[in-house]
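Here is the structure we will look at.
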Amino acid sequence: MKTLLLKRNYLLPLALCFAIAGLAQAQPAKQYEPEVGQAGKDVVWVPTPQALVDKMLEMAKVTPRDYVIDLGSGDGRTVITAAKRGSKALGIEYNPDMVELSKRNAAKEGVSDKASFMKADLFESDFSQAQVITMFLLSSINMKLRPKILDLKPGTRIVSNTFDMGDWKPDETATAPGCNSWCTAHLWIVPAKVEGTWKLPQGELALKQTFQMITGTLKSGNTVSPINGKLNRDQITFTAGATQYSARVNGNAMEGRAGGAKWSATNAGK
């Protein structure tokens, strides 16, 4: 009898342990839920209000023909919204839990075929294939990325939530309606690179470029005219004297119209 009681006293706790273990296994694992303000590799996580997500994509004129890359994609809302507009979109995010959360969110919204996410470092990633880049980073991070952004194909659209890129002034700034915080979006369009000396049949065009703004001189014979102008993607416009010039820049050549007549130039330094 004593031996039997001992066995019962031993087996009862053991059975209880197995029951608890089985119950724990039966409970589904709690899914990851991010917290606003949680630390990340480069910035803390704060979600972009949906109203501003919509405004950013509207400013960038995103269409189904565009490939959108979101830098620091968080819970995936910008990528998912772009995918709902018909675009292929990629989110680059350093936190692997956020990446998996974004994939689940995309699946819930039925856009997994267009929205993808990868765990990667922004500074080591290639986003040269994007037509549109979105981001909600600090100005200091934007500045570190700026040289890489300026090397992108002319016409690439960059949209940032709130934070700027220093002395590279936005082409457009707007505020989202119905938004209470983090409500400002800035748009930049990567300009073609035109700084240098360009040869014209009738003279020489010397250009100095500061992002999308240009200054310089147009020399024709003994006449030297100061110029001021602007770049929009690969389109250049400027005024020299009383003549308005416009042209499309294609690498080391530009061709367009001036005062109703055709004109062209080649970059002597390329």
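The values are calculated or read from the model by the stated rules, or taken from the named source; none is laboratory data. Nothing here was measured: the structure is a model prediction, and the numbers come from that model. Virtual Cβ from ideal backbone geometry, glycine too; neighbours counted across all protein chains shown. Accessible surface is based on the protein model in full, side chains and every heavy atom, while ligands, DNA and RNA are left aside. Shrake-Rupley method; radii C 1.70, N 1.55, O 1.52, S 1.80 Å.
A few comments on the model shown:
- Here the Debye sum runs over all C-alpha atoms of the chain as equal scatterers in vacuum, and log10 of I(q)/I(0) at q = 0.07 Å⁻¹ comes out as -0.39.
- A Gaussian network model of the chain, with springs between Cα atoms under 10 Å, assigns the largest mean-square fluctuation among Arg77, Arg233, Arg85 to Arg85.
- For the pair Ala51 and Met118, label points projected 7 Å from Cα toward Cβ lie 3.5 nm apart.
- Applying 0.36 nm per residue to the separation of Lys61 and Ser139 and subtracting their alpha-carbon distance, the gain on full extension is 25.8 nm.
- Per-atom-type breakdown for the chain gives carbon and sulfur 55% of the accessible area (1.4 Å probe, protein chains only).
- Of the DSSP H helices in the chain, those whose Cα atoms cover at least 30 Å axially and whose Kyte score averages 0.0 or more: 2-26
- Expected 222 nm ellipticity per residue - DSSP helices of 4 or more, -39500 (n - 2.57), all of the chain, to 500: -8000 deg cm²/dmol
- Proximal lysines to Lys230, defined as alpha-carbon separation beneath 18 angstrom and excluding residues fewer than eight positions away on the same chain: Lys153, Lys169, Lys193, Lys208
- Reach of Lys84 by Cα under 18 Å, taken over lysines that are not fewer than 8 positions away in the same chain: Lys55, Lys61, Lys103, Lys108, Lys114
- Summarising the label geometry, the points placed 7 Å from Cα in the beta-carbon direction at Lys84 and Ser220 lie 5.4 nm from one another.
- Accessible area (Å², per residue) of segment 151-259, counting only protein heavy atoms and a probe of 1.4 Å: 50
- Added length on full extension, which subtracts the Cα-Cα distance from 0.36 nm per residue, Asp42 to Met213: 58.5 nm
- Under 18 Å from the Asn250 label point (7 Å along Cα→beta-carbon), backbone N, segment 204-240: 232-237
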